Structures are given as C-alpha cells and as structure tokens.
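Visitor: Below is the structure I would like to discuss, written out as structure tokens.
Since every read-out is calculated from the coordinates, none of them should be taken as a lab result. No experiment lies behind these values; they were computed from the predicted model shown. Cβ coordinates were reconstructed from backbone atoms using ideal geometry, including for glycine residues, and neighbour counts include every protein chain displayed.
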Amino acid sequence: MKRTKKAPHFIIILSVMLGSCLATFANLATNGNFEATASWNIVGNAGYETWAQDSTVDNVPDGTRGVGFYGWEPNGSGYFEQHVDVDTNATYYFRIRGLREENFDTGAVDMRLRFFDNNSNWSDKGTYSNANVNLSSSTGWTTYEIEADAPVDAGIVQMRCDFSGSAPTGGNQGFKWDNATLYDRRKNYRSSEIVDEFSYDPDYDDGIDGKNRGNGFSQAWSDLWGTPDIEDESFETFEGYPKTYGNKLHIASTGGGTYRKFDPRTTGAIYASAYFNYNNEATYNWAGISLMSNEVERVFFGGNSDSGTKMKLSIASYGGATIFSDYTINSGLGTDYILFCKYDFTTHIFTTKAYYKTIPIPLYEPNNWDTSVDLSGNPDQLAYINGIRLAAGGTNPGDVYFDEVRVSDSWYDLLNNEDPRLGGTVIVVY
C-alpha cells in the first residue's frame, strides 16, 4: 500500500460493500442481435441481412444476421424501430453497433431515442438524436450510444435508426447495424449527490478507464495501474442503504487501482460509500478506498491482512503507521460488507466503520466507529480532497469487487434520505 504526504481538511464518510452479486443489468431490447426476423418494425429500403452481421465482437463472428440500409436505392430511405414500456424514474441507454460501407452516401443517418405517451397516443415527449452517425469515419465497426432521462409523463421509449436521401455511386453501398441494446438505470440518487453505480455494459467494453456515468463527479475514471474492469450484476442491497442498480467494478488478484475526481472538499464534512468484497485470505493483502488530492493518496481505509490471513478494517497511508481495528473482514462470494469513512475538516478526525450484510445501516450517523486517527498534528494531510481511489494489491487478495460509490457532505444524503430526521424527545404543545 502506497504511503503519502499531506493535504488540508473536510469531513468525509465513505462506504463500500464487500459482496455478492444480485441485480442483473438486463437488455430490454427483444431480438437485439437480429437473429430472428421478428420484433423490429422495419420500413422502406432496409431489412434483415446476413451481410449486415457484426463479425468483430471479441474478434469472433456474432450470429448470422444484422439489419442493412440499402444505400444503392436512388433517394432511398428507411428505418427500423422497437419500443418498450418505460419507468419514468430512469435514464435509458440505447447502444448499437454500426458500419458504413465505403460507398454509402446519404443525406442523413440518425440514431434516435424517443419517448411517447403510450401505444394509443404517440405524442412525442422528447427526441434525442445522434445525427449523421459514422458518415465521415472509417469503415470499421463502431459502437454508438445515446442516453436520455425518461420524461415524467412518458409511457413508452422507442429505439430507432433511420436514413434518407441516398445517392447511388456504385460499389459497396450498405450501412450495417447489429447488436442493439437498451438498458435503464433507475435513479437511486438526487441531482446533488456524487454517485456511480457502475451502469456500464461489459459486453462491449469492460474496462473502467474513461467511463463517466453516474452523477456529480468532475471527470471520468482513470486507471492508475492494472486493468480494473466491469462485471455483470450488482451486490445485494443492505437494509437501510439505497437499492443497487447497474453492475460492479472488479479488480483481479494481480491487483490494480482506478480513481475519479469530484469538486474539491476543504471544509465541513465529507461522506462517501461503496460496496466491497474480496475472495482470498493470505498474508500481506490489502483492498479498499483512498481519499485523493488529484493522483496523490492522502489516506487509505479498508481491509489489510498484514502478517495474518484475514483482513482487518484498517487506516493507512495518512503519514503514520497502519492502524488496525478489531473488526475482521472475511472473504468469499456473498460475504458482503459496506465500509464507511468520515473525515471532519474541523476536528481533523478520520474514522472508519464496516457493516456486514445482515446488519441494517442505521438511519442516524453512528456514535461509535470501528477505528479512527487524529490528524490535528498534521492537518495538511487531508486539507484538500477531490477524488477517491478503488484499489487492491498485496500477495493475492483474489478477485476484489466494489460497487455503488457514494460521496456526500452528510450521513442523510449519503443514504439518500430527503431530510435529517428529528432526534431526541419530541414535546407536543397544545
């Protein structure tokens, strides 16, 4: 584990779950690989074609069909579309693979994500178009994606690709489409929160580097070493904690680390959270979260086995010796935890706490934390925090998983509660 220098103050609470996989990130599109000649409404100069199948996914052929646009038709036009019911508390992602043949020439090629009332009233509630896709790019297969929040009164979301105004020139004049996917990410956070639930699709690109979904961060994830990746499914939701959606971050047994920035924190308190799990008990393993000043690690908290085999909740890389708590973090699939940290920029106290999956997360901030360190003698160490790092290393921690990274300035917002609840005695005056 890397030791580091100094940085200014603020309060942070970070939670991470160690654990099992549960919620799947299902493709809502029917017949998205176009292998059956059904489910899609195809109109005009377009159709299911064997020559339109994508043969480059993972460098192996992927099925036998795709959908082709016929650019050789004079002033040709056409489209294909499919719609599904929407959840209005969701963001939708439409993704599809496309390839423009070298002589395909047309006035417009659009990829659209559209919302409507319902089947009987197709009142457009918002069209989000990725217009003129691939017209100036190379002839290689390209993944296109468009995303949009569902309007509050929408009942249907439609995936659609269309073209118009083809000008025949001879030669290969098709536009190929394959592997359509539609995902929804139900929102378990408010617009003011800093959250990433890892709603990334590993089927197209499983790397985390450069990914920028979620909410409230100031830049995309940036790998520091190793190749952290995305795996299907999320963790089981703890009682008292926001429901999990999306997928999860995986770090292989060889280790790795990735970090993401948010707006700087220098006063008050900062809270954050994420799921966490590791799968091998051995000496000198570690895995967890670090608070960062840009790419400089300021403090680490998480599991550390040192000369033992089971990890203990610990604090390190703060400018002093590693502090071990009595809290044991066990390994294994389904052995899930949420880890929390808090830093108070006024008192300069950094604290951590862990909850096993059978223990409800309390509504109110706990009075007792598992371990802490007083940085009042070195306040510059955590004076300026603008990012978090998820990482693992050591002898062999096995597969390590993180999910649902959350950062906030209060315990209530961290748990996605609307307002602080009243505490103490309520006196009713008549």
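Visitor: Tell me the label-point distance for the pair ASN368, GLU147, using the 7 Å Cα-to-Cβ offset, in nm and rounded to one decimal.
Guide: 4.1
Visitor: Next question, about the same structure. Report, in listed order, any pair from LYS125/LYS357; LYS125/LYS261; LYS261/LYS357; LYS211/LYS342 with a Cα-Cα distance greater than 31 Å.
Guide: LYS125/LYS357; LYS125/LYS261
Visitor: How much length, in nm to one decimal, is gained on full extension between GLU102 and GLU35, taken as 0.36 nm per residue of separation minus their Cα-Cα distance?
Guide: Contour length minus the Cα-Cα distance gives 21.6 nm.
Visitor: Another question, then. How would you order 156-164, 34-42 from highest to lowest mean count of nearby Cβ atoms within 10 Å?
Guide: With the highest mean Cβ count within 10 Å placed first, the list reads 156-164, 34-42.
Visitor: Still on this structure, please answer the following. Within the P(r) computed for segment 41-185, what percentage of the Cα pairs occupies the region above 23 Å?
Guide: Considering segment 41-185, 36 percent of its Cα-Cα pairs are separated by more than 23 Å.
Visitor: Would you mind calculating the relative contact order of segment 201-248 from Cα pairs under 8 angstrom and at least 6 residues apart, reporting the percent as a whole number?
Guide: Answer for segment 201-248 is 35 percent.
Visitor: Follow-up question, since we're still on this one. From the Cα gyration tensor of segment 190-273, with a ≥ b ≥ c the square roots of its eigenvalues, which class applies: rounded if a/c is under 1.5, or else prolate if a/b is larger than b/c, or else oblate?
Guide: Oblate.
Visitor: Any idea what log10 I(q)/I(0) is at q = 0.21 Å⁻¹ for segment 280-355, Debye with uniform C-alpha scatterers and no solvent?
Guide: Debye output, listed in q order: -0.94.
Visitor: Sorted by mean Cβ packing within 10 Å, highest first, what order do the peptides 215-226, 245-256 take?
Guide: Top to bottom by mean Cβ count within 10 Å: 245-256, 215-226.
Visitor: Take every Cα pair under 8 Å in segment 41-185 that's 6+ residues apart, average their separations, divide by the length, and report that relative contact order as a whole percent.
Guide: Worked out over segment 41-185, it gives 38 percent.
Visitor: Using a 7 Å offset from Cα along Cα-Cβ at ASP206, what residues in segment 245-268 end up with backbone N under 19 Å from the label point?
Guide: Residues 246-258 qualify, since their backbone N sits under 19 Å from the label point.
Visitor: Residues with beta-carbon under 13 Å from that of LEU113, excluding LEU113: net charge, scoring Lys, Arg +1 and Asp, Glu -1?
Guide: With Lys, Arg at +1 and Asp, Glu at -1, the neighbours total -3.
Visitor: Can I ask one more? If each residue of separation counts as 0.36 nm, what is the full-extension length gain between THR346 and SER307 once their alpha-carbon separation is subtracted?
Guide: Difference between extended and current length: 10.6 nm.
Visitor: Right, something else. May I ask for the net charge around PRO151, where only other residues with Cβ less than 13 Å from the Cβ of PRO151 are counted and Lys, Arg are +1 while Asp, Glu are -1?
Guide: -3
Visitor: Please give the peptides 362-372, 79-89, 94-104 ranked by average Cβ packing (other Cβ atoms within 10 Å per residue), highest first, as a rough proxy for protection.
Guide: Ranking the peptides 362-372, 79-89, 94-104 by packing returns 94-104, 79-89, 362-372.
Visitor: Based on the Cα gyration tensor of segment 285-430, what are the three equivalent ellipsoid semi-axes, each the root of five times an eigenvalue, rounded to whole Å and given largest first?
Guide: 28, 20, 14
Visitor: How about segment 225-300: which GluC sites (Glu not before Pro) there lie in a loop by DSSP and see at most 11 other Cβ atoms within 10 Å?
Guide: Qualifying residues, ordered by number: GLU239, GLU295.
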